[in-house]
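Chemist: The structure follows.
Quick note: the coordinates plus some simple rules give every number you see, no bench work behind them. If you're wondering where the values come from, they're calculated on a predicted model, not measured in any experiment. Cβ coordinates were reconstructed from backbone atoms using ideal geometry, including for glycine residues, and neighbour counts include every protein chain displayed.
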Amino acid sequence: MTAPTMIEQRDELLAFTNNGGCINCGTCTAVCPLPKENVMLPRHILRLMHLGQREELIARADAIFSCLLCRLCEETCPAGVSIPECVRYLRGFMNRHLHHLEKE
Ligand code: SF4
Ligand code: SF4
């Protein structure tokens, strides 16, 4: 099985984001218990993925792996975005990159 391209990954990610339904309200960031220096989670990560900004995502691997998967963001999101599922998906993306299994 070959690794998905960035475009394919973005399309797959849309399934977890209610087809990109994020309205950028900031509620998820407000309820996230992570330290605010990790404030890149969650909506900024979603935005980078939607824009296909691969290098910027990889540079933020620490933030992606620090997510607690507590689902507070998901419970309060008014747009039905499942950020924890996005995070799980992105961790796979990061691991493929680290092990050189990702296609450009
Ligand atoms: S709470 Fe939902 S709609 Fe609001 S910024 Fe976060 S992901 Fe987007
Ligand atoms: S699941 Fe992750 S991004 Fe969402 S509130 Fe919890 S720690 Fe923050």
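Chemist: Could you work out how much longer the chain between R91 and C25 gets when fully extended? Use 0.36 nm per residue separation minus the Cα distance between them, nm to one decimal. Don't skip to the end; give the middle numbers.
Modeler: Numbers: separation 66, 0.36 × 66 = 23.76 nm, distance 2.42 nm.
That pair, R91 and C25, stretches by 21.3 nm at full extension.
Chemist: Right, another one. Given 0.36 nm per residue, what is the gain on full extension from A79 to A59 after removing their alpha carbon distance, in nm? Mind dumping the intermediate values first?
Modeler: Numbers: separation 20, 0.36 × 20 = 7.20 nm, distance 2.69 nm.
In short, 4.5 nm is gained.
Chemist: Evaluate the Kirkwood expression for the hydrodynamic radius of region 6-98, namely the inverse of the mean inverse distance over all pairs of different C-alpha atoms, and round to one decimal in Å. Display every interim value, and only then the final one.
Modeler: Numbers: mean 1/r = 0.0773 Å⁻¹.
12.9 Å is the Kirkwood radius here.
Chemist: Another question, then. If each of L98 and L72 carries a label point 7 Å out from its Cα toward its Cβ, how far apart are those two points in nm?
Modeler: If labels sit at L98 and L72, their model points lie 2.5 nm apart.
Chemist: Could you work out the relative contact order of region 6-98? I mean the mean sequence separation of Cα pairs under 8 Å and 6+ apart, divided by the number of residues, in percent. Don't skip to the end; give the middle numbers.
Modeler: Details: 86 pairs, mean separation 36.3, N = 93.
Computed value for region 6-98: 39 percent relative contact order.
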